[in-house]
1. Looking only at residues that are crowded, with 17+ Cβ neighbours inside 10 Å and more than 10 Å from chain C (Cβ to nearest Cβ) in the range A:83-115, which one is farthest from A:Phe48 (Cα to Cα)?
2. Taking the range C:210-257, which residues are within 11 Å of the chain's Cα centre (by Cα) and either aliphatic (A, V, I, L, M) or within 14 Å of chain D (Cβ to nearest Cβ) (or both)?
3. Can you tell me which residue is least open to solvent (accessible area, probe 1.4 Å) among those in the range C:212-255 that are in a loop (DSSP other than H, G, I, E, B) and of a type in the set (A, V, I, L, M)?
4. Quick one: in the range C:179-201, of everything that is in contact with a helix residue (DSSP H, G or I) (Cβ under 7 Å, 6 or more places away or on another chain) and within 7 Å of another protein chain (Cβ to nearest Cβ), which residue is surrounded by the most Cβ atoms within 10 Å (Cβ to Cβ)?
5. Considering only residues that are within 14 Å of chain D (Cβ to nearest Cβ), over 25 Å from B:Gly214 (Cβ atoms) and open to solvent by less than 40 Å² (accessible area, probe 1.4 Å), which ones fall in the range B:170-197?
6. Please identify the pairs in which a residue from the range A:229-242 that is within 7 Å of chain C (Cβ to nearest Cβ) has its Cβ atom under 7 Å from the Cβ atom of a residue that is among the acidic types (Asp, Glu) and open to solvent by 10 Å² or more (accessible area, probe 1.4 Å), counting only partners at least 6 apart or on another chain.
7. Could you tell me whether the range B:112-120 includes any residue that is within 14 Å of another protein chain (Cβ to nearest Cβ) and free of Cβ contacts under 8 Å to residues at least 60 places away in the same chain?
8. Take the residues in the range A:265-279 that are farther than 16 Å from C:Gly68 by Cα and within 7 Å of chain C (Cβ to nearest Cβ), then tell me which one is surrounded by the fewest Cβ atoms within 10 Å (Cβ to Cβ).
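The values are calculated or read from the model by the stated rules, or taken from the named source; none is laboratory data. Source: prediction; values computed, not measured. Cβ atoms come from the backbone with ideal geometry, glycine included; neighbour counts cover every protein chain shown. Quick note on the areas: whole protein, heavy atoms, side chains included, nothing else; ligands and nucleic acids left out. Shrake-Rupley method; radii C 1.70, N 1.55, O 1.52, S 1.80 Å.
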Amino acid sequence: MSSFVLYTITGLGLAGLYFLLASGLSLIFGLMSVLNLAQGAFFAVGGFAAWMVMDLLGDVPLDLRFVLAVIVAGGAGAAVGTVVERGFVSRIYGSHVRQILLTLGLGTAGVALLGGWFGWDPRILQQPAWFVQTTQIAGANIPNSRLLILAVAVVLFLALMVFLTRTRHGLIIRAGVENPSMVRALGIDVGRSFTIVFALGGALAGIGGALGAVYFNGISPGLGTDQLIYAFIVVVIGGLGSVPGTAVAAVIVALTQVYANNYLQAGLGSISVVVLLAVVLLIRPQGLMGRVRP
Amino acid sequence: MTPDAAISVTDLHVWRGEAHILHGVSLTVPRHQVTALMGRNGVGKTTLLLAIMGLLPATGSIRMADTELVGMPTHRVAQRGIGYVPEDREVFGGLTVAENLRLAERPGSDPRYDHVFELFPDLQGRLGQVAGTLSGGQQQMLSLARALLEPRAVLLIDEPTKGLAPIVVEHVVAALQRATEDTTVLLVEQNLWVAEQLATDVIVLDHGTVTYTGGMRSLVDDPALAGRHLGVEVR
Amino acid sequence: MSRRSAVFVGIVGLLAVVPFLPFGIPILFSGSLDSAGTLQVLAVGLVFAALAMSYDILFGSTGLLSFGHALPFALGSYGTNLLMIHAGLPYPIAIVVAVASSVLIAVVVGALALRTVGVAFAMVTLAVAEAFSLLVLTDPLRILGGEEGLPLATAQVPALFRGVVNLPNVYWLALALAVATFLIGRRVVSSRAGRVFAAIRENEPRVEMMGLRPFPFKLASFVTASTLAALAGSVYLLVVRGSNVGITTPDFTLAIVVMVVLGGAGRLWGAALGGLVYGILTLRLAAVATSETIDALPHWLSGPLSEPLFILGVLFILFVLFAPGGLSSLRPRITRRPRRGPMDGDPMSPGTTA
Amino acid sequence: MEEVVTPPAPVGPALAVAGLGWGVGGMVIVEDVTLEVAAGELVSVIGPNGAGKTSLINLISGVHAPRTGTVRLLGEDITRLRPADRTQRGLGRTFQTASLFPGLTLIENVRLAAQAHLGGSLHLLAVPRPDDVAQRRAEAALERVGLLQRRDDIAGRLSHGDKRKLELALVISAEPRVLLLDEPTAGVSVEETQPLIDLIGQLHAAGTTIVMVEHRMEFVVDVSDRIAVMHEGRLLMTGTPRDVMTDDRVRSAYLGHRA
């Protein structure tokens, strides 16, 4: 029983990371039909930004430093996202294949750039001592870092939902996912929403990178790209363009993975996720909450 | 440009993909009245509205006051005060009625919700309803309401009664009659009865060029003329 | 002989005599052309050329953007190697069995992935390829070698491919693979089915309306491309003397896309050029990077410049932005007429309304 | 040129739709349409925008699955067949905007259609010979629409009118028994319209059964054996051009006069 609780909460923490990486992908795709293959690089940028804050600001108390690190990671992700959209993707609107290939190039070069600067071995993030301590829940000793990641992901999910449903920008993004031309015809500059969505996706992935550095005990340039695959699976299972779908799928995928690894055989987790994807595609090709578009 | 023209189009060419739809169209849309744009399917009525909105690339000139609209991004055209009611309503089906209307608000303005709800009382009771679940007529009203929420210098309305049941058509026409008083409107309409109820003047397009401009009454009162220009009456 | 055939024979002939050429090409290669190092680099380039051509059948010809083409390549390499290690099969037989198994796997994976279109298809193929990568990395049955890779079962390899002395033979095998892939690929692309592939790329609904179901053709394209990739993988095994987890990773699967786009999607010889250039650059850029000129630069510059993928990525970005037709579009065309490539259309967006 | 085999005239109508209905969500777009077209007949479908004409063509060709009713082709119920299978049984159609393979040459475009009709397309290694049956049929079809001399041009670069001709060549190379034409002259410049109209007239004269959605009334009246008028998803009436043009219901539906 206690191991079940441990696995579940570990799985939910992983789900949080997947959500942070996948929600940006899903929104960007929904609004712009662009599959952003640079999202993994955004994740790594966030991770290294956090690492630098922890490493360079030695005088600041650890707890505060970590909060700063997460904020800087989000900011760095947002900045990179903005640059990618404004500087590159927006130059070739109208050709989705080229846009996707462009993000592929940016992702490849970006990860290699980080590799050139920081090397390919994982850099260990300094963490407050209480991260590695455990809290007992239903008889299981849960590492606090898992709970923290889960909490941050839930807060960000709620914040994202509030942003999308309660703010004007969110409203414009939801409308733009349906029909960008009509949004323009109402006098709204959708191009700005494109930039906002890329920045938002970058910020979420960046924070994901900072938390991922904790979850995976270090950050390396390729970490985001490795996780990106699961994010893709999450996006496809959840339904392209649906944030709640992404959240639900993130939980399903992460739990499947963790349970399979621990109850069946270590290493089977990822295979199980692909099998899960196959099953979903056979039953519901548009994903759990995806709409069949005309 | 005549002083009372709200919009004047000169030598406008518009292509849709490979098809050359408008071949050098010139026309003026008079101020403060409804002008019907008529003609058979496929002659380019909708294309003209899309070109004015900047949703299709065009060459030539579309002037509103002293501003050239050709080449201007769509959102800027809309910000100049042109309201657009597209052919297939294009309400945001996943958003609620209230959200659809909120999108039409201009930041810092005073949206005319009273005016809109007076015209379309149906919508007031359905603010929380998801627009995709509205009936065709209600969607049309929402689409019109979106365009009427802010005061507009010009309204472009594309076949507001298309595909609606007759009873709903009459309802929409009645609302439009009140809504368009003293407003500059370019109304694309296939249905002569609807056009007759709403429009003072009429412009007929054929083969991508203007073939008739004049009063609505004279077209309606002369079946031969109507037939020749609208293409139904042959004998 | 037509002009194009003459060019083809000329290029192949030139490549065939490389192991006899005692001089070098400065900067591009470290040693003379007949040196072991250079032959090795060229052999890798030729296998990548074959791999890129196989992918071009899928992406360039049929317009299917798969992100999982590393899978059949890796299956060819690992499958052949495993059959040699555990079943004791000789290399040629192992190739046949491994490629045949890859065909079966391709049928299943293709039938599944082709239920989706556009971006979802790309994601699904990527996911399946990644599953294999993870299988290799975690290696639950302890037979795949995990991160260390699986060294070549040298004992099962014919003597004429063994040892550094026989490196020219391995090089010729790689050349034969590239030539065979080109000839088969060209045949397939211009076959009856190949014409339908192009039609699917251009306008899939019209194909259906013409009385042909696109699905079997898309599957045929997928399986053909996978089969040729598996064959390339089994030769790659010999060239690099082992199966390495690197060829299963998402990085590699995306690298195949980079090769084809760099060379020019939709033209087999363009794809081949892309693969060759990519193969040579990845190996040579690393060497150039350690040169003194680069080392003298400050770290923030020398670090990235010593990463081949950084330079290739930047190159790729420039091509996508400014020359989407790839290397093969930069010079006056020898092809009869300009071709529309897979990037001109918009097959990626099931979400955009007409 | 091989012999064109004329099939024995089928008993009953070449195309028969009965009680056909279709809609999207709560919207009814086509409702209870029943229409029979005799072999060799040319029936034009007219009606105001949004009357459901193109939807009717889509239902017959299999783009949409009907909610109610049946479609019979040469006596066979094809209601549940995929579009590809309907084509194989002798149904051909064109689209409102010409649907071609823009990056391929004219001859490649038409060849594909001929090859699809002849079968055996799924041959990965069989490179077609330049003088095989499909090629000859493709050339014949191109000649018929007057585009043979441009056989090696890229389809995407044709003028709009020529694209529509090429589309017709695609369709006729498969020798359809029943041809559905969706606004064949839409978007075509004035100069290019007449050749297209002539071509359709020739097809009709050669005995092809044709159902055509079209707005150029002078053309419709000229060429049609019968005209079917649709309004608000329903079939208002069918009759000879003279009957239809003098019918008050049609006039009011089309022009929107209220009684």
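1. Going through the qualifying residues, I end up with A:Val89.
2. Quick first cut of the range C:210-257, residues within 11 Å of the chain's Cα centre (by Cα) only: C:225-226, C:228-233, C:236, C:247, C:252-257.
Result: C:Ala225, C:Ser226, C:Leu228, C:Ala229, C:Ala230, C:Leu231, C:Ala232, C:Ile247, C:Leu254, C:Ala255, C:Ile256, C:Val257.
3. Quick first cut of the range C:212-255, residues in a loop (DSSP other than H, G, I, E, B) only: C:212-213, C:240-241, C:244, C:249.
Right, trim to of a type in the set (A, V, I, L, M) and you get C:212, C:240.
Numbers: C:Leu212: 15, C:Val240: 52 Å².
The extreme case among them is C:Leu212.
4. C:Ala199
5. Within the range B:170-197, B:Val172 is the sole residue that qualifies.
6. Partner pairs satisfying both residue conditions: A:Ile229/C:Glu130.
7. Just the residues of the range B:112-120 that are within 14 Å of another protein chain (Cβ to nearest Cβ), to begin with: none.
Looking for residues that are within 14 Å of another protein chain (Cβ to nearest Cβ) and free of Cβ contacts under 8 Å to residues at least 60 places away in the same chain, one finds none in the range B:112-120, hence no.
8. Selected residue: A:Ala266.
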